[in-house]
Amino acid sequence: MAAAWQDVVRDAVAVREAAAVAVDAALLAGVLMRTGEQPNASDVVNYAPFTLLPSAVPRALFEQAYAVQQDFNLLVDAVSQNKEFLEQTLASTIKVDDFTARLFRIYTQVLEEGLAQTVVLGINRSDYMFDCGLDGTAALRQIEINTIAASFGGLTSRTTDVHRLVLKVLGKSEEASQLLPNNPAKGLALGIAKAWELYGSQRAVVMFLVEEVQRNIFDQRCVENELWNRNIRVVRKRFQDVFEQGSLDASRRLYMDGQEVAVVYYREGYMPQIYNEQNWEARLLLERSRAVKCPDIATQLAGTKKVQQELSRPGTLEKLLPGHPEAIARIRATFAGLYSLDEGEEGDRIAATAIADPDRFVLKPQREGGGNNLYGEELREVLEKIKDSPERTSYILMDKIKPQPALNYLLRAHSPLQASKCISELGIFGVYVRQGQELVLNQAPGHLLRTKAIEHADGGVAAGVAVLDTPYLV
């Protein structure tokens, strides 16, 4: 934590008073989630978990993360358009990972049929940690890039005001004034609105494709309300609704219950367990349609861990982004060590290294949503079991990032107020819109800081591990 907070972090009375103010401010500002007991009802809600104090973030690394986001937007878009690269990169994975294989089958089927969609909308979030070197200097290291259902752009838009008030209550008005404004929800809505406009039908709606269990509805409503403010109609539907009500006309326009759909914004669809045969059929129907999918299936595949690992190989970025040497240098500067577990000598060697020294690495499957990665003894056990099996190719290995912990208080409903040693993860939102081959929008509209106690290896806010935070630049 920044030296600015050292005087208050151990003052129990001041902390207790500030926490009471903070919780009320969060409820007042709409930093809300539905409860675990009633995840589909807004009759009883509670505040989304957040830190009492904003966390110190090195200004130079924060600015570096923003500076590279438009480059990552370009890269994701380039990968999604490169069939040969996706085929080669995912060839080993789709043999052993059924979920990626099903996505890939839809991808090839839609390509063979010919894409009806002419406008592409990408909303992603590139996540980083601050790796502390032996000499104490910190470096920005990318953890992953989320190309589907990148969440908390809404709630984080409202968290800064809460932290600003807390700092004032603690006598830190000067520091409160230094917290940066942040409204990713507005930028995400701008991208959706641009795609809707380019689709070219005033009557058409934007469809949020949502989960069966919708605890995080207020985060989505922040984006949704920005669209209503622009007089763009929004409907919320599940995969089951698409299966039962969805249809395509002769020119592959998508209709839901008789309403034409211009944009499908996925807040669901990244977890294998939600797909039954009906949901796979619904996904295929959406992909075949002319509606702008965010993401389309090629962009979802571009966000897989296997693609992330392949991008770190020497020469790969040069092939995907020819003529962009500065962008390539900025992107490469954020990479952590990434290693393939494909069958062969290279994979054998790295598997053996990780089994011998598991604390150096993280084992990552091709999954989104938090809580999937393996560390330490668990990593060793899994690798021992699969080291001689093709199944290992469904994972990648990454160097473990070692951030510097700091003291903070994590405010959670029904939890005691106590100081925890914490580490933070910074996400930068990216939004781009392409019509044909012309990029008409490319922005980094905001950021998300999430913080967790050091005893938790993996997991985000929705997974119940991390909490919302605000960066205090130092």
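Within the range 403-453, track down each residue that is touching a Pro at 6+ places or on another chain (Cβ under 7 Å), open to solvent by 30 Å² or more (accessible area, probe 1.4 Å) and under 24 Å from residue 136 (Cα atoms). 421 - this is the single residue of the range 403-453 that is touching a Pro at 6+ places or on another chain (Cβ under 7 Å), open to solvent by 30 Å² or more (accessible area, probe 1.4 Å) and under 24 Å from residue 136 (Cα atoms). One residue stands out in the range 33-76 among those that are open to solvent by less than 30 Å² (accessible area, probe 1.4 Å) and farther than 30 Å from residue 18 by Cβ: the one that is farthest from the chain's Cα centre (by Cα), namely 41. Residues that are open to solvent by 10 Å² or more (accessible area, probe 1.4 Å), in a helix (DSSP H, G or I) and touching a Phe, Trp or Tyr at 6+ places or on another chain (Cβ under 9 Å) within the range 364-393 comprise just one, 382.
Considering only the range 349-361, I want to know if a residue exists there that is assigned to a loop (DSSP other than H, G, I, E, B), out of contact with any Cys (no Cβ under 6 Å at 6 or more places or on another chain) and open to solvent by 60 Å² or more (accessible area, probe 1.4 Å). Looking for residues that are assigned to a loop (DSSP other than H, G, I, E, B), out of contact with any Cys (no Cβ under 6 Å at 6 or more places or on another chain) and open to solvent by 60 Å² or more (accessible area, probe 1.4 Å), one finds at least one in the range 349-361, hence yes.
Where strands (runs of 3 or more DSSP E) fall wholly inside the range 227-279, no range has 3 or more residues that are hydroxyl-bearing (Ser, Thr, Tyr) and over 29 Å from residue 97 (Cβ atoms).
Checked against the criterion of being surrounded by fewer than 17 Cβ atoms within 10 Å (Cβ to Cβ), in a loop (DSSP other than H, G, I, E, B) and modelled with pLDDT under 90, the range 321-340 has at least one qualifying residue. On the given criteria, is residue 215 open to solvent by 10 Å² or more (accessible area, probe 1.4 Å), touching a strand residue (DSSP E or B) at 6+ places or on another chain (Cβ under 7 Å) and closer than 25 Å to residue 258 by Cβ? No; evaluated as a whole, the condition is false for this residue.
The strands (runs of 3 or more DSSP E) located wholly in the range 1-107 that include 3 or more residues which are within 26 Å of residue 443 (Cα to Cα) occupy 55-57. What about residue 235, is it assigned by the TED database to the domain that holds residue 116, closer than 16 Å to residue 193 by Cβ and either in contact with a Cys (Cβ under 6 Å, 6 or more places away or on another chain) or crowded, with 21+ Cβ neighbours inside 10 Å (or both)? No; evaluated as a whole, the condition is false for this residue. Summed over the range 275-315, residues that are of a type in the set (S, T, N, Q), at pLDDT below 95 and open to solvent by less than 10 Å² (accessible area, probe 1.4 Å) total 1. Across the range 173-197, the number of residues qualifying as open to solvent by less than 20 Å² (accessible area, probe 1.4 Å), in a loop (DSSP other than H, G, I, E, B) and not polar (S, T, N, Q) comes to 1. Residues of the range 311-361 that are acidic (Asp, Glu) and in contact with a strand residue (DSSP E or B) (Cβ under 8 Å, 6 or more places away or on another chain): 346 alone.
Within the range 114-136, not a single residue is surrounded by 19 or more Cβ atoms within 10 Å (Cβ to Cβ), part of a helix (DSSP H, G or I) and in contact with a helix residue (DSSP H, G or I) (Cβ under 8 Å, 6 or more places away or on another chain).
The values are calculated or read from the model by the stated rules, or taken from the named source; none is laboratory data. Owing to the predicted nature of the structure, the values given are computational and were not obtained by experimental measurement. FYI the Cβ positions are ideal-geometry reconstructions off the backbone, even for glycines, and counts take in every protein chain you see. Remember, those area values only see protein heavy atoms, side chains included, never the ligands or the DNA or RNA. Shrake-Rupley method; radii C 1.70, N 1.55, O 1.52, S 1.80 Å.
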